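The values are calculated or read from the model by the stated rules, or taken from the named source; none is laboratory data. It should be emphasised that the depicted structure is a prediction, and the values quoted were computed from it without experimental measurement. Here the Cβ positions follow ideal geometry from the backbone for every residue, glycine too, while neighbour counts run over all protein chains shown. The accessibility values were calculated without ligands, DNA or RNA, using every heavy atom of the protein model including side chains. Shrake-Rupley method; radii C 1.70, N 1.55, O 1.52, S 1.80 Å.
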Amino acid sequence: MTTPPSVCPPPLPPTPPLPSGQRRTRRAWITAAVGALVLALLAGAVRWWLTRDDGSSPLAGRPRVTDTAAGLSYAVPEGWKRNDSKGLIQAFTSSITTEGPEGRGGAAVLAGRGRPVDESTLRQWTETAARSNAEFFYPDGTSRVEESRATKVSGRSAYTVVLSVRDDSGRAGRIRLTLVARSSEQSAFLLGVTESPAPTDSREVDEVLAGATVR
């Protein structure tokens, strides 16, 4: 998969094309990542702690993840689980997850850090990274841009891309990626993956990313 060179480590590590059998195996892993086995596969690899958000956002008052590696703070919606043990994929530094009905579907928000990204190239790298993640989570699938816009996170320049995705079996989902030009030394990102287009899960992912702050 292609990942933007200015984001290192990238939102997902580059991988070579896989035979169909391995793709099916990886697809099963993705489902598990936002289901019953997500705590083992997407456990936190950094030390971070909970604070309280006393603002006026939809998630005001909820516990927050303070990810010191990525330099980001984000809220934990009610019913979501934080992952604070080792075993997280190298590109990520913290994550929270929720399960869908009967352990199927659900959603995840993952944070990470990378090399500096110039404001003028934020759109390019965010769109490229979002499509790269869509290819990873939905192999052999298609994606469509729902939203692509500049934004701010704690006054820092950032960019957000939302993709609706569908794999070759018809399984639908949603990818939301916000890339932040955090400082002259590093960038940071939050990636939201919704396993199904359930309005509640997608709304909560949006609220988590919209309420993120730079620490």
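Restricting attention to region 178-191, the residues being open to solvent by 30 Å² or more (accessible area, probe 1.4 Å) and in contact with a strand residue (DSSP E or B) (Cβ under 9 Å, 6 or more places away or on another chain) number 2.
Considering (1) buried (at least 22 other Cβ atoms within 10 Å of the Cβ); (2) in contact (Cβ under 8 Å) with a residue 60 or more places away in the chain; (3) within 30 Å of Ala60 (Cβ to Cβ), the lone condition that Tyr159 does not fulfil carries the number (2). Taking region 86-131 as the range and being of a type in the set (A, V, I, L, M), within 16 Å of Ser187 (Cβ to Cβ) and under 13 Å from the mean Cα position of the chain (by Cα) as the test, the residues that pass are Ala91, Leu110, Ala111, Ala129, Ala130. Note on region 165-215: residues that are of a type in the set (Ser, Thr, Tyr), under 16 Å from Phe92 (Cα atoms) and more than 11 Å from the chain's Cα centre (by Cα) amount to 1. Filter region 63-100 for residues that are open to solvent by 10 Å² or more (accessible area, probe 1.4 Å), at pLDDT 90 or above and of a type in the set (Ser, Thr, Tyr) and give the result. The answer is Thr68, Thr93, Thr98.
Pairing residues of region 108-134 that are more than 18 Å from Glu146 (Cβ to Cβ) with residues that are in a helix (DSSP H, G or I) and open to solvent by 10 Å² or more (accessible area, probe 1.4 Å), at Cβ distances under 6 Å and at least 6 apart in sequence or on separate chains, gives Val117/Trp125.
Here Thr194 fulfils each of the conditions (1) modelled with pLDDT under 95; (2) open to solvent by 10 Å² or more (accessible area, probe 1.4 Å); (3) hydroxyl-bearing (Ser, Thr, Tyr) apart from (2).
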